[in-house]
Every structure is written in C-alpha cells, then in structure tokens.
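Trainee: Can you read through this structure? Questions will come right after.
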Amino acid sequence: MSALSIDNVSHFFGSFCALDDVDFKISGGDFTVLLGLNGAGKTTLYSLITRLYNTAKGEIKIYGNSLSKNPYQALKNIGVVFQQPTLDLDLSVNENLMYHSSLHGMKKKLARSRIENELDRIGLLEKKNTKVRTLSGGQRRRIEIARSLIHKPNLLLLDEPTVGLDIGSRQTILKHVKNLCKVDNLAVLWATHLIDEIDKGEKVVIIDKGKILEKGDVESIVKRNKTKNIREAFNKLVKI
C-alpha cells in the first residue's frame with residue numbers, strides 16, 4: 001500500500017490550470033523530493049493533500065484512505081510543516097506543542113511525554129519553556145517539525161521548510177528528517193526549489209507549471225535525460 005497516492009489530479013483557479021494531471025506515489029520510509037521553481041504548483045498540491053482545497057479532478061489516497069470519501073482516516077496519518085511559519089511567537093515552545101496536542105485530542109500525560117521525546121530527538125529539549133519569539137529561524141523550524149510528529153503520523157509533508165535558513169540549520173533539519181524515514185519508516189514529501197537538498201539515490205518528482213516532467217530516483221532521471229547530474233537534468237527539463 002502506498003503512503004501517498006496522487007492519481008491524475010488536476011486543479012483550477014477559475015480558468016487557470018494550477019495542476020495538470022499530476023500522478024505519483026510514495027511508500028513508507030521514502031524521502032521523496034517534490035522539486036520545482038516558485039509557482040510550479042507545489043503549495044497547491046499540498047493544499048489539496050491537506051484538504052485546504054477540494055480536489056477538482058482525480059483522487060488522493062493516504063495509506064489507502066480516499067481523501068474525498070474518508071477524510072478523517074486519511075488526514076489523521078499526516079503531519080505538516082507549512083511554508084509560512086505557524087508558531088505563536090508569544091507562547092513558549094511547550095505551550096505551542098501542548099495546544100497542538102489538544103487539537104488531536106491527546107491526554108496531557110501522553111502529550112507531555114511525546115513532546116519531550118520529539119524535542120529531545122531534534123536537540124531542543126532545553127528550549128522547552130522558552131518563548132518562541134527568542135528562538136532563531138532554524139530552531140523555530142525544528143520546533144515545527146517536532147510539533148508535526150507529536151500525534152505519530154505516518155506521512156510528513158514539508159513545504160519549502162529550509163527557505164531563508166543558514167546552511168548549518170538547513171543541514172541539521174535535512175539530516176533529522178531523512179533519519180526519521182530510516183528510524184520510523186516515515187514517508188516524507190519534501191517540497192523545495194533547492195537542488196542541493198537532494199542526495200544520490202533519493203526519489204525526485206520534478207514539477208513545472210503544474211505538470212510532472214519527471215519522477216524516479218536521481219540516477220534514473222539523470223540517465224534518461226542524458227545529463228551529468230540532477231541539476232543539469234532539472235535545468236534541461238524546465239528549460240532554464
């Protein structure tokens with residue numbers, strides 16, 4: 001069973017086609033990069049997967065559960081880190097995470113245990129009672145990732161999670177998320193326009209102007225496009 005199945009999905013804003021027959025799947029344990037320039041359709045797709053928008057055409061399934069027919073069962077498997085920061089700056093880290101856990105109906109004792117575990121895994125347990133406003137951009141992003149995992153999702157969606165961060169923060173976040181795939185068998189869809197966030201052997205879905213141009217592991221994409229590396233393949237496909 002696929003962790004995420006996007007089957008011939010299209011979406012329109014009026015007469016404008018934002019997504020055109022998008023089709024791909026990812027499995028548990030996969031770190032899959034959704035690679036595209038700004039405006040390629042990445043955020044629109046995430047909005048459909050999280051049901052901020054209704055799918056105009058096609059079907060989205062999360063671990064076999066149809067998003068349109070069985071949204072509760074589908075959505076409970078998802079953790080999300082949106083492109084725009086969503087932490088309350090005037091609350092502490094713990095207050096932000098406890099509020100999130102309450103939205104999932106978690107009992108306080110369980111929530112406190114999971115919060116400490118996730119903060120420890122991401123190296124920020126000592127910041128538990130610190131106001132978010134005082135944290136760096138990289139630390140805030142790491143807190144958002146910890147928050148997205150408290151309810152133990154099987155699929156994690158991250159939309160441009162490292163934009164605006166320094167290289168050290170980017171590498172820390174990437175390393176942590178990729179490790180989650182290995183340790184927790186978590187399926188990850190990582191949307192970015194930063195090609196240097198892709199390693200050899202990883203799976204990539206290249207999107208441009210709402211269309212999927214290529215999908216597969218890095219080596220296969222490079223070979224099919226007769227290029228030296230994924231950067232050259234991407235530039236060739238999107239005609240940069």
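Trainee: For segment 194-229, give me each residue that is closer than 21 Å to Val163 by Cβ and either of a type in the set (A, V, I, L, M) or assigned to a loop (DSSP other than H, G, I, E, B) (or both).
Mentor: Those that are closer than 21 Å to Val163 by Cβ and either of a type in the set (A, V, I, L, M) or assigned to a loop (DSSP other than H, G, I, E, B) (or both): Leu194, Ile195, Ile198, Asp199, Glu202, Val204, Val205, Ile206, Ile207, Lys209, Gly210.
Trainee: Now for a separate question. What's the number of the condition Leu119 fails, among (1) free of Cβ contacts under 8 Å to residues at least 24 places away in the same chain; (2) buried (at least 17 other Cβ atoms within 10 Å of the Cβ); (3) out of contact with any strand residue (DSSP E or B) (no Cβ under 9 Å at 6 or more places or on another chain); (4) not basic (Lys, Arg)?
Mentor: (1)
Trainee: Any idea which of Arg140, Arg133, Arg51, Arg147 is farther than 21 Å from Thr32 by Cα, of a type in the set (D, E, K, R) and surrounded by 15 or more Cβ atoms within 10 Å (Cβ to Cβ)?
Mentor: From the options Arg140, Arg133, Arg51, Arg147, the qualifying one is Arg140.
Trainee: In a helix (DSSP H, G or I) and either within 26 Å of Leu52 (Cα to Cα) or of a type in the set (A, V, I, L, M, F, W, C) (or both), is that true of Ala191?
Mentor: For Ala191, the condition - in a helix (DSSP H, G or I) and either within 26 Å of Leu52 (Cα to Cα) or of a type in the set (A, V, I, L, M, F, W, C) (or both) - is not met.
Trainee: Also, quick follow-up: So Ser2 passes all but one of these: (1) surrounded by 19 or more Cβ atoms within 10 Å (Cβ to Cβ); (2) out of contact with any Asp or Glu (no Cβ under 8 Å at 6 or more places or on another chain). Which condition number does it fail?
Mentor: Failed condition: (1).
Trainee: Counting only residues that are in contact with a helix residue (DSSP H, G or I) (Cβ under 7 Å, 6 or more places away or on another chain) and more than 26 Å from Asn185 (Cβ to Cβ), which one in segment 139-165 is modelled with the lowest pLDDT?
Mentor: Gly164
Trainee: Might you let me know whether segment 7-23 holds any residue that is of a type outside the set (D, E, K, R) and either under 15 Å from the mean Cα position of the chain (by Cα) or closer than 30 Å to Met106 by Cα (or both)?
Mentor: For segment 7-23, residues of a type outside the set (D, E, K, R) and either under 15 Å from the mean Cα position of the chain (by Cα) or closer than 30 Å to Met106 by Cα (or both): absent.
The values are calculated or read from the model by the stated rules, or taken from the named source; none is laboratory data. Everything numeric in this text was worked out from a predicted model, so none of it was measured. All Cβ positions, glycine included, derive from the backbone under ideal geometry; neighbour counts span all protein chains shown.
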